[in-house]
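The values are calculated or read from the model by the stated rules, or taken from the named source; none is laboratory data. These figures come from a predicted structure and were not determined experimentally. Here Cβ is always computed from backbone atoms with ideal geometry, including for glycine, and neighbour counts include all displayed protein chains. All accessible areas refer to the heavy atoms of the entire protein, side chains included, with ligands and DNA or RNA removed. Shrake-Rupley method; radii C 1.70, N 1.55, O 1.52, S 1.80 Å.
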Amino acid sequence: MISVAIAGGTVFGLLVLFLSGVWLLQEKIAFQPERGPYPLDAGIPRVEYVASDGQKLFAYIVRNAESSGGLLIAFHGNADLAIRQVEWATEVTTRTGVAVMLPEYRGYMGLPGKPTYEGSRHDAEAAYRYAIDSLRFSPARIAFFGHSLGTAIAAELAERHEPAALILQSPFTSAREMFAIVIGHTPAEFTWNTVARLHFDTRAKVASLDAPVSVAHGDTDRIIPSRMGQSVFDAARVTGEWLLVPGASHNDVEQRGGERYWRWLVSALAPLSATRSGETR
């Protein structure tokens, strides 16, 4: 009996230790800001603003917003930087005439603060408010884009402020299902319900939107499987364009997709062009 009790106590202790580790580490896994030195951003227009909790933030603006046909707010992935999206954003503006706003997250690119789930909501909200209040775009002239983790941040923002279009590249269905992939399906449900601090659920969010949802995914993505992207697209109340890129992994959908990718993105942004030309920016 004593040995059974000791064994039970050991198992319980290991479970507590495991749950404590998951509780403490989940946001460190979800958000992975790199340490400097950072790429130079000289000459790229940059705006600064403050989130509702006092966090100082900034974003890059690609193309003069005054002469644009709309605005695309693009959220990057967990181990990326806004500055690294400038070349992609420049191609977007060249092909569509749409300005691109590249917000940076707290804790990234030298910004103070610790990136968290709640922090990401504040950061996205602050970027949107700047677009509305300072850049003077009307909600009907704004679309959201996200890559990887950024897809979840964009989808949550879309639930609060419905955009003209929601464009997702390599999205995951939910934080819970990503956790199940990493940990294994048997203990995942109990574990996640016990310790979850990340409440991203992109599939549920797109099911409630009246904005068209477009999704692109690589069919050899080993970080977020393409079945998740397909599931998100299938769940959308209003579907835009689906693109599955053969041979593409998690970070090379644009390169592998080539002109197919750019046709997908231009089509996904069509709702901005469809807005009446006389409407307020």
Checklist entry - Can you tell me which residues in region 41-60 are assigned to a strand (DSSP E or B) and free of Cβ contacts under 8 Å to residues at least 60 places away in the same chain? => result 46, 48, 56, 58, 60
Next on the checklist: Take the residues in region 65-82 that are open to solvent by 10 Å² or more (accessible area, probe 1.4 Å) and either of a type in the set (D, E, K, R) or out of contact with any strand residue (DSSP E or B) (no Cβ under 7 Å at 6 or more places or on another chain) (or both); name whichever of them is nearest to residue 148 (Cα to Cα).
Outcome noted: 78
Checklist outcome for this item: Taking region 237-256 and keeping only residues that are at negative phi and in contact with a Lys or Arg (Cβ under 9 Å, 6 or more places away or on another chain), one is left with 241, 243, 245, 246, 248, 249, 250
Checklist entry - Does at least one position in region 87-94 carry a residue that is part of a helix (DSSP H, G or I), in contact with a Lys or Arg (Cβ under 6 Å, 6 or more places away or on another chain) and open to solvent by 10 Å² or more (accessible area, probe 1.4 Å)? => result yes
Checklist outcome for this item: Taking region 95-108 and keeping residues of a type outside the set (D, E, K, R) and either crowded, with 19+ Cβ neighbours inside 10 Å or at pLDDT 95 or above (or both) leaves 96, 98, 99, 100, 101, 102, 103, 105, 107, 108
Checklist entry - When region 213-233 is examined, which residues are found to be among the hydroxyl-bearing types (Ser, Thr, Tyr) and more than 15 Å from the chain's Cα centre (by Cα)? => result 220, 226, 231
Next on the checklist: Which of the helices (runs of 4 or more DSSP H) found entirely inside region 109-220 contain at least 2 residues meeting this: surrounded by 20 or more Cβ atoms within 10 Å (Cβ to Cβ) and at pLDDT 95 or above?
Outcome noted: 117-133, 149-160, 202-206
Checklist entry - Among (1) under 22 Å from residue 88 (Cβ atoms); (2) crowded, with 17+ Cβ neighbours inside 10 Å, which single condition is residue 236 missing? => result (1)
Checklist entry - Got at least one residue in region 53-61 being small (Gly, Ala, Ser), under 25 Å from residue 29 (Cβ atoms) and either open to solvent by 20 Å² or more (accessible area, probe 1.4 Å) or modelled with pLDDT under 95 (or both)? => result no
Item to check | Among residues of region 115-144, those that are closer than 21 Å to residue 198 by Cβ and in contact (Cβ under 8 Å) with a residue 24 or more places away in the chain, counted | outcome: 14
